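Worksheet: the structure to be examined is printed underneath.
The values are calculated or read from the model by the stated rules, or taken from the named source; none is laboratory data. Here the structure is a predicted model, which is why all the values come from computation and not from measurement. Cβ placement follows ideal geometry from the backbone for every residue including glycine, while neighbour counts extend to all protein chains displayed.
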Amino acid sequence: MSVLEFLKQFDLAQFTGAFVVLFAIIDIIGTLPVILNLQHNGRYVSASRASIISLILFVGFMYMGKAFLSLFSLDVSSFAVAGSIIVFIVAMEMVLDIEIFHQNNMVGNDATFTPVVFPLIAGAGSFTTLLSIRSQYTDFNILLAIIANVIVVYLALKLSTKLEKWLSPGVICIFQKAFGIILLSLAVKLFTSNITILIASMV
């Protein structure tokens, strides 16, 4: 397929649909309280590196996700269950004001990759969503939707410190608890919907 033919695949409805689905599952707005909490605890988050790594992971998993999992005899459901547990732990930190993800001496105070990129931005939910929407939309429109979402992620992370200055600690705390509960709900939903698939496959 030539480049021109590839570009002709652009469809506004498909692009919009893929963008909205990915935006909802990435939920960068809901993740901001987590980012602010990490920064408040002295953890560093790089907006540019987080965006670049997320883009690479999204595109890489879109094309090689199933093959990568099959190397370890894993399926998408198993991956989603593991990711849901990590999301659950992050949410518990937000709701209960406890620290479970201790500082890794290899990365110091850098929280860019874990837990910001994975599992909050490019996690099990977004990975499984990418695999599923490939049957509905063309690759070109999905790639454009990924790039657009990564731009939104970059802007949100870049402006997070300014947002913290604009909002009072009390407001940030309320958002943190509220979105922590939402994350807990998403983790439970992701876990239950995929654990039933795993159980059914074993019977």
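Structure notes:
- Some residue of segment 136-150 being touching a Gly at 6+ places or on another chain (Cβ under 6 Å) and at pLDDT below 85: no
- Scope segment 60-80; condition among the hydrophobic types (A, V, I, L, M, F, W, C), at pLDDT below 80 and part of a helix (DSSP H, G or I); matching residues: Leu69, Val76, Phe79, Ala80
- Residue match in segment 156-179 (condition: farther than 18 Å from Val95 by Cβ and under 14 Å from the mean Cα position of the chain (by Cα)): yes
- Condition met for Ile52 (surrounded by fewer than 17 Cβ atoms within 10 Å (Cβ to Cβ), at pLDDT 80 or above and at negative phi): yes
- One residue stands out in segment 10-40 among those that are more than 12 Å from the chain's Cα centre (by Cα), surrounded by fewer than 19 Cβ atoms within 10 Å (Cβ to Cβ) and at pLDDT 80 or above: the one that is nearest to Ala122 (Cα to Cα), namely Val20.
- Residue under evaluation Ser70, criteria (1) of a type outside the set (A, V, I, L, M, F, W, C); (2) surrounded by fewer than 17 Cβ atoms within 10 Å (Cβ to Cβ); (3) more than 30 Å from Ile197 (Cα to Cα), criterion not met: (3)
- Picking from residues in segment 51-83 that are among the β-branched types (Val, Ile, Thr) and in contact with a Phe, Trp or Tyr (Cβ under 7 Å, 6 or more places away or on another chain), the one that is farthest from Ser160 (Cα to Cα) is Val81.
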